[in-house]
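The structure appears below as structure tokens.
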Amino acid sequence: MRYFFFIFFLIHFTSNAQVAQHCGYDFTSYFVVNAHESGKKESIEGLKVSIVNVFGLEVLNVNNLYSWTDSNKPLVFLPNYKIDNQGNKINPTSKVEKERWYFPFAKDSYLLSIKSTFPADDFSVKIEDIDGSANGGEFKTQIIKLVPFNMYVLCSSKVRETQFGPKMNRPIEVILEKK
């Protein structure tokens, strides 16, 4: 009889442990950089936004140490883009009935997917203008120190729990100056 109760409780607790809800972004976070000129809201095109170490060198994602994507490549941000109702990327010349941002939380920004365990305190983000012709002029390079609250943590209740200090899930605002 004792064995029956033991097996009953074992099956009961095991089945309850397996119904935990999971999010599609578990173990993934994002950095979002909104780089614009003073007084303007539009993101500046043609920028190279990357994660750098204390020496200003790009950080490599060796064996997916920092991100689940782009193994053994530098951690470089990509611009967000718009998609149509079928989820296809929209060209600037395309005419579609309804469009939306691929990552709605990032809007017109640059973003980078990282692991939730990313050590933000150890790195900085570097914003440099590599193609001045795309945006009407060259901008000064900026390096901004990262902190953990810069990360967009999409699958956590911690975002709602923060009562004091900087709020989580906000883009890194960068106001660029022309040279």
For residue 100, the lone unmet condition from (1) under 19 Å from residue 41 (Cβ atoms); (2) under 14 Å from the mean Cα position of the chain (by Cα); (3) open to solvent by 80 Å² or more (accessible area, probe 1.4 Å) is (2)
Out of the residues in the stretch 77-94 that are over 16 Å from residue 45 (Cα atoms) and either assigned to a strand (DSSP E or B) or touching a helix residue (DSSP H, G or I) at 6+ places or on another chain (Cβ under 6 Å) (or both), which is least open to solvent (accessible area, probe 1.4 Å)? 83
Please enumerate the residues belonging to the stretch 37-52 that are farther than 15 Å from residue 138 by Cα and outside any loop (DSSP other than H, G, I, E, B). 50, 51, 52
Please state which of the following conditions residue 78 fails to meet, knowing it meets all the rest: (1) more than 19 Å from residue 148 (Cβ to Cβ); (2) in contact with a strand residue (DSSP E or B) (Cβ under 6 Å, 6 or more places away or on another chain). (2)
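Is there a residue being open to solvent by 90 Å² or more (accessible area, probe 1.4 Å), under 19 Å from residue 43 (Cβ atoms), assigned to a loop (DSSP other than H, G, I, E, B) and modelled with pLDDT of 90 or more anywhere in the stretch 141-157?
Taking every residue of the stretch 141-157 in turn, none turns out to be open to solvent by 90 Å² or more (accessible area, probe 1.4 Å), under 19 Å from residue 43 (Cβ atoms), assigned to a loop (DSSP other than H, G, I, E, B) and modelled with pLDDT of 90 or more.
The values are calculated or read from the model by the stated rules, or taken from the named source; none is laboratory data. Here the structure is a predicted model, which is why all the values come from computation and not from measurement. Note: ideal-geometry Cβ built from the backbone for every residue, glycine included; neighbour counts use all protein chains shown. Please note that ligands, DNA and RNA were not included when accessible areas were found on the heavy atoms of the full protein model with its side chains. Shrake-Rupley method; radii C 1.70, N 1.55, O 1.52, S 1.80 Å.
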